[in-house]
Amino acid sequence: MLSVLMTYIRTFAPKSEKGQDLIEYAMLGGLIALGILAVGLLAISGAIEDMFDGIGGCIDFTAGGCTPF
């Protein structure tokens, strides 16, 4: 079954490798951007959490303090 599938893929797969390196560079660039985004979100997640807690204190009038930032 697997050999039939591989034969089918080889039959209809493009023979030219033209443009393959462009796709590889695009995938690598996307992976790097995703890594930078993840590191950035982890770095500021504490600050964002503190900001939301402060805003929650402003909305909840029984909490007693309002420090949004």
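HN-Hα J couplings of segment 47-59 from phi, Karplus 6.51/-1.76/1.60, θ = phi - 60°, integer Hz, Gly and Pro as x?
Residue by residue, segment 47-59 yields 5, 5, 4, 5, 5, 5, 5, x, 5, x, x, 6, 6 Hz.
Using θ = phi - 60° and the Karplus relation 6.51 cos²θ - 1.76 cosθ + 1.60, list the HN-Hα couplings for segment 26-35 in order, rounded to whole Hz, with x at every Gly or Pro.
In residue order, the calculated couplings are 5, 5, 5, x, x, 5, 5, 5, 5, x Hz.
Every read-out reported here was derived from the displayed coordinates using simple, explicitly stated rules and does not represent laboratory data. This structure is a prediction, so every number in the text was calculated from the model and none was measured.
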